[in-house]
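Input: a single structure, listed below in structure tokens.
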Amino acid sequence: MKTTSRITRAVVALVVAAAGLLSLTSPAHAEPPATQPLTVRILLVSCVDPCRNTGLEDAGESAPDFYGEITFAGFDTYTTPRAAEDQEQVAPFWTVNHDIPTTVVEQDISVLIKDHDSTSGDDWGDASPREGDAVARFKVNMIRGTVSGDMTGSVQTA
């Protein structure tokens, strides 16, 4: 697996949905659920820097074959299906759902965008605004439903 510092920055648009977080009332006799759902969707991945023959792809290679690795802390990493081959931009609508224990106040999530290479190790796209770290990292406050941390898309709160 090769990592480059000048590789493409993946635009990760995330939609976070947490059902039941903002319930205003509940019956006095009902016990709170043991878990609550949390969904992460990657709506768009796009090369910001050149990604043919330079940057993400080496000389003679075509455009990337994007896929993602999404990790909810405390759970196994989910690897998405590969998007259409040789694309500089894809709108994959990759969706990962997890039931988060109600005892968790802030759920850590990380996203790594990769390029599948059949002739060498897969390349890492740079989805983070931080130098030297390609992994986008953010937190969802499971009580308020707010998101904080590395966000490269326009869907971001507090």
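The values are calculated or read from the model by the stated rules, or taken from the named source; none is laboratory data. Bear in mind the structure is a predicted one, so any value in this text is a computation, not a measurement. We place every Cβ from the backbone using ideal geometry, glycine too, and count neighbours over all the protein chains shown.
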List every residue pair whose Cβ atoms lie under 6 Å apart, where the two residues are 6 or more positions apart in sequence or sit on different chains, the first residue falls within the stretch 132-158 and is crowded, with 16+ Cβ neighbours inside 10 Å and aromatic (F, W, Y), and the second residue, located anywhere, is modelled with pLDDT of 90 or more and outside any strand (DSSP E or B).
-> none
Pairs with Cβ under 6 Å, 6+ apart, first in the stretch 91-116 and under 23 Å from D133 (Cα atoms), second hydroxyl-bearing (S, T, Y) and assigned to a loop (DSSP other than H, G, I, E, B) | W94/T80
Counting only residues that are part of a strand (DSSP E or B) and buried (at least 16 other Cβ atoms within 10 Å of the Cβ), how many does the stretch 72-88 have?
-> 2
Filtering the stretch 96-141 down to residues that are under 13 Å from the mean Cα position of the chain (by Cα) and small (G, A, S), which residue is nearest to R82 (Cα to Cα)?
-> G125
State whether the residues of the stretch 46-57 include one that is among the β-branched types (V, I, T), in contact with an Asp or Glu (Cβ under 6 Å, 6 or more places away or on another chain), closer than 21 Å to S128 by Cα and modelled with pLDDT under 95.
-> no
Counting only residues that are under 18 Å from S148 (Cα atoms), hydrophobic (A, V, I, L, M, F, W, C) and not in a loop (DSSP other than H, G, I, E, B), how many does the stretch 99-136 have?
-> 5
